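The values are calculated or read from the model by the stated rules, or taken from the named source; none is laboratory data. This structure is a prediction, so every number in the text was calculated from the model and none was measured. Neighbour counts run over all protein chains shown; Cβ positions are idealised from the backbone, glycine included. Heavy atoms of the whole protein, side chains included, go into the accessibility calculation; ligands, DNA and RNA do not. Shrake-Rupley method; radii C 1.70, N 1.55, O 1.52, S 1.80 Å.
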Amino acid sequence: MFRILNLRRSLHQILPRHHHHPQQNPTNPNSHPLKTLISSSSTTQSPKNPELTRPFCSSTSSSSSLSSSSSSDAELRKYLGYFALLLGCGVATYYAFPLPENAKHKKARLFRYAPLPDDLHTVSNWSGTHEVQTRVFLQPETLQELESFVKDANEKKQKIRPVGSGLSPNGIGLTRAGMVNLALMDKILEVDKEKKTVKVEAGIRVQQLVDGIKDYGLTLQNFASIREQQIGGIVQVGAHGTGARLPPIDEQVISMKLVTPAKGTIEVSKEKDPELFYLARCGLGGLGVVAEVTLQCVERQELVEHTVVSNMKEIKKNHKKLLSENKHVKYLYIPYTDTVVVVRCNTVTKWKGPPKFKPKYSKDEAIQHVRDLYRESLKKYRGEVTAAKSPDNNEPDINELSFTELRDKLLALDPLNNDHVIKVNQAEAEFWRKSEGYRVGWSDEILGFDCGGQQWVSETCFPAGTLAKPSMKDLEFIEEVMQLIEKEGIPAPAPIEQRWSACSKSPMSPASSQAEDAIFSWVGIIMYLPTMDARQRKEITDEFFHYRHLTQTQLWDQYCAYEHWAKIEVPKDKEELAALQSRLRKRFPVDAYNKARRELDPNRILSNRMLEKLFPMSDTI
């Protein structure tokens, strides 16, 4: 501010000098320097007014010009000095307070650090890959309250998209316009021990339900990897467990209560409106808010899990037997190795009991080489990378970390360095070799799987023949994925997980089929997000979508593979989106689904951008 005041004083000192220009008439009130200059310019050509013509050479003019020139040079030098001073201050500030290394990769966000309004809810999915902020986030506690919310929203045409626990990698339940969550509607309403059925509110989590019915000697027929899903959400997206004889989880639903915007609360079942029932079982939350669900359960039984390390050659020999003779089975492939981890689970029979087996290695011995690799890698990267990748002084003792936590930390050191990822994969293969053995427990304990930290996942489902006659397409698919990874040098971490299910009668399920004995294979490729650094997460995201795009263009059509509804992503490119819409129409009854949406939710209050893009309608709002 001081410099600006000095500058203004200097300008005032200059201006009076111009007012006393020799050619200006001080007695003329209209004689302004600018007007004098214009008048002089306009009369130079006129020989009739010699007094107004500026002389080219005279002693008076020369003396005045020299004086003016000297003054102008002094002022110019002064302002050049100011400019040099400002420039020097800027350079000094830049080098004294350098920007963080990742600053240029971050997008500018207005009011990023402004406090959020009290009524603004931030909702993100478990992987942190999708996030929205909304002022409309409803959490009813009763069916009557839910009905009131839906009715009011429909009258106002206010979106209230149903959202569950937010575990879906693609954030299928999210929308900025508004959401409704049933987490407070989580009660077990009725248990029929003889029929082995249970009626629950849709907001109950899987683990809550399992714990609540175990005293009745009941449990769910199958499980997904994570137990935190709400029942309404896990059913609506067509989630599944593993076992070629066991269907996806929507097949466990025998009736359900939907709160719809246009028709109020309706109950559908196999006997009552079966067409809508099968469509709504895997309805993606677009046909109504699932309020209550009645599930077919099974007797609670102990399982014995057997984990063994094999290879592709051996798998091909025993594949049919493994699928048909085991209640649950899955394969975990380790890229850049020939390792295939086979995990199979079966009921512990009373007469036989759990197997007697003594493992070769303790849990501590099985993981020790992974700890050693982490220590070695840490030493290497401490000297080769910036301090941003150095370990935190407050990080826990690595001896207390699980294998998946160690894997995340290893990958975080250099997640896109192919050589580094290969070393981590090799360490994982060795970990599984030392972890071979048996484990006995209840089904909800055994069938869970530690998936690791935040991640990108693309899971596809495709037909694999029948249980009596597997097509072997499932193993061919994996072989091509492995070849693609090595050919393209993709830094693909482990595992690539392969599971199986029987078919579903829900037409919107990726495993839908009219053939009773059809089986489907589910294959998931993955990339972890082991860091919160924005630049690094973006680089991993870009690499993952490159990886996914390669599998899509080279394999999906060949194997009739379609993505899991909780993992599908909407393309930004118009041509790619049109191709996806056309592809979905070939596999799913899109017209029937859209017709039901028009009848039950004409104002599309339960929809979001994803549904509108995947299943466009001519009158889309």
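Check segment 547-562 and report whether any residue there is in a loop (DSSP other than H, G, I, E, B), on the phi > 0 side of the Ramachandran plot and either open to solvent by 40 Å² or more (accessible area, probe 1.4 Å) or not polar (S, T, N, Q) (or both). Quick ask: steps written out before the conclusion?
Residues of segment 547-562 in a loop (DSSP other than H, G, I, E, B): 560-561.
When the remaining residues are screened for being on the phi > 0 side of the Ramachandran plot, the result is 560.
If we keep only those that are either open to solvent by 40 Å² or more (accessible area, probe 1.4 Å) or not polar (S, T, N, Q) (or both) too, we end up with 560.
Yes, because at least one residue in segment 547-562 is in a loop (DSSP other than H, G, I, E, B), on the phi > 0 side of the Ramachandran plot and either open to solvent by 40 Å² or more (accessible area, probe 1.4 Å) or not polar (S, T, N, Q) (or both).
Residues that are under 20 Å from SER501 (Cα atoms), assigned to a loop (DSSP other than H, G, I, E, B) and open to solvent by 20 Å² or more (accessible area, probe 1.4 Å): does segment 528-545 have at least one?
Within segment 528-545 (the criterion being under 20 Å from SER501 (Cα atoms), assigned to a loop (DSSP other than H, G, I, E, B) and open to solvent by 20 Å² or more (accessible area, probe 1.4 Å)), the answer is no, since none of the residues qualifies.
Mind counting the residues in segment 281-304 that are under 18 Å from SER504 (Cβ atoms) and of a type in the set (Lys, Arg)?
Number satisfying all stated conditions: 1.
Residue by residue through segment 166-200, note down the ones that are part of a strand (DSSP E or B) and either closer than 16 Å to GLN133 by Cα or not β-branched (Val, Ile, Thr) (or both). Working first, answer last.
Within segment 166-200, the subset part of a strand (DSSP E or B) is 179-180, 188-192, 197-200.
Matches in segment 166-200: MET179, VAL180, LEU189, GLU190, ASP192, LYS199.
If THR260 passes every condition in (1) open to solvent by 40 Å² or more (accessible area, probe 1.4 Å); (2) farther than 30 Å from GLU325 by Cβ but one, which one does it miss?
THR260 satisfies every listed condition except (1).
Given the conditions (1) among the charged types (D, E, K, R); (2) more than 30 Å from ALA427 (Cα to Cα); (3) open to solvent by 10 Å² or more (accessible area, probe 1.4 Å); (4) in contact with a strand residue (DSSP E or B) (Cβ under 9 Å, 6 or more places away or on another chain), report the number of the one that ASP215 does not fulfil.
(4)
Here's the yes/no breakdown for (1) in contact (Cβ under 8 Å) with a residue 12 or more places away in the chain; (2) open to solvent by 10 Å² or more (accessible area, probe 1.4 Å); (3) in contact with a Gly (Cβ under 9 Å, 6 or more places away or on another chain):
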| residue | (1), (2), (3) |
| --- | --- |
| LEU167 | yes, yes, yes |
| ARG176 | yes, yes, no |
| ILE204 | yes, no, yes |
| ILE226 | yes, yes, yes |
| GLY233 | yes, yes, yes |
| HIS240 | yes, no, no |
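For segment 213-238, which residues satisfy the criterion of being more than 23 Å from ILE568 (Cβ to Cβ) and assigned to a helix (DSSP H, G or I)?
ILE213, LYS214, ASP215, TYR216
Among strands (runs of 3 or more DSSP E) lying entirely in segment 239-356, which contain 1 or more residues that are under 34 Å from the mean Cα position of the chain (by Cα), closer than 30 Å to LEU184 by Cβ and hydroxyl-bearing (Ser, Thr, Tyr)?
Values: elements: 253-260, 264-269, 289-296, 302-310, 328-333, 340-347.
By residue number, 253-260, 264-269, 289-296.
Each row is one residue, and each column tells you yes or no for (1) in the same structural domain as VAL457 (by the TED database); (2) without any contact (Cβ under 8 Å) to a residue 12 or more places away in the chain; (3) under 21 Å from MET179 (Cβ atoms).
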site	(1), (2), (3)
GLU543	yes, no, no
TYR547	yes, no, no
LEU555	yes, no, no
TYR562	yes, no, no
GLU576	no, yes, no
LYS586	no, yes, no
ASP591	no, yes, no
ASN603	no, no, yes
ARG609	no, no, yes
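Could you give me the residue pairs with C-beta distances under 8 Å whose first residue belongs to segment 409-421 and is farther than 14 Å from ILE398 by Cβ, whose second residue is of a type in the set (A, V, I, L, M) and not in a helix (DSSP H, G or I) wherever it lies, and which are 6+ apart or on separate chains?
ASP414/VAL385; PRO415/MET527; ASN418/ILE490; VAL421/ALA492
In segment 514-521, is there at least one residue being modelled with pLDDT under 95, among the small types (Gly, Ala, Ser), assigned to a loop (DSSP other than H, G, I, E, B) and open to solvent by 20 Å² or more (accessible area, probe 1.4 Å)? Before you say what the answer is, go through the steps one by one.
We begin by selecting, within segment 514-521, every residue modelled with pLDDT under 95; these are 514-517.
Still in the list and also among the small types (Gly, Ala, Ser): 515.
So of that shortlist, the ones also assigned to a loop (DSSP other than H, G, I, E, B) come out as 515.
Still in the list and also open to solvent by 20 Å² or more (accessible area, probe 1.4 Å): 515.
Within segment 514-521 (the criterion being modelled with pLDDT under 95, among the small types (Gly, Ala, Ser), assigned to a loop (DSSP other than H, G, I, E, B) and open to solvent by 20 Å² or more (accessible area, probe 1.4 Å)), the answer is yes, since at least one residue qualifies.
For residues that are in a helix (DSSP H, G or I) and small (Gly, Ala, Ser), scanning just segment 574-621, find the one that is least open to solvent (accessible area, probe 1.4 Å). It would help to see each step written out before you state the result.
Within segment 574-621, the first condition is being in a helix (DSSP H, G or I), and the residues that meet it are 574-587, 590-600, 609-614.
When the remaining residues are screened for being small (Gly, Ala, Ser), the result is 578-579, 582, 592, 596.
Values: ALA578: 53, ALA579: 59, SER582: 58, ALA592: 45, ALA596: 10 Å².
The extreme case among them is ALA596.
Testing PRO335 on (1) surrounded by 15 or more Cβ atoms within 10 Å (Cβ to Cβ); (2) more than 25 Å from ASN418 (Cβ to Cβ); (3) modelled with pLDDT of 95 or more, one condition comes back false. Which one is that?
Here PRO335 meets the rest and fails (2).
What is the one condition in (1) touching a residue at least 24 places away in the same chain (Cβ under 8 Å); (2) over 21 Å from ALA464 (Cα atoms) that SER324 does not satisfy?
(2)
Give VAL329, VAL340, VAL308, VAL289 a once-over and let me know the one that is of a type in the set (A, V, I, L, M), in the same structural domain as LEU220 (by the TED database) and either touching a residue at least 12 places away in the same chain (Cβ under 8 Å) or open to solvent by less than 30 Å² (accessible area, probe 1.4 Å) (or both). Break it down stepwise before answering.
Working: VAL329 fails: in the same structural domain as LEU220 (by the TED database); VAL340 fails: in the same structural domain as LEU220 (by the TED database); VAL308 fails: in the same structural domain as LEU220 (by the TED database).
Residue meeting the stated conditions: VAL289.
Looking at (1) on the phi < 0 side of the Ramachandran plot; (2) open to solvent by 50 Å² or more (accessible area, probe 1.4 Å), find the lone condition where ALA153 falls short.
Result: ALA153 passes all but (2).
I'd like to check something: does segment 443-452 contain any residue that is among the β-branched types (Val, Ile, Thr), assigned by the TED database to the domain that holds ASN311 and either in a strand (DSSP E or B) or at pLDDT 95 or above (or both)?
As a first pass, look at segment 443-452 and keep what is among the β-branched types (Val, Ile, Thr): 446.
Then keep just the ones that are assigned by the TED database to the domain that holds ASN311; that gives 446.
Remaining after also requiring either in a strand (DSSP E or B) or at pLDDT 95 or above (or both): none.
No, that holds for no residue.
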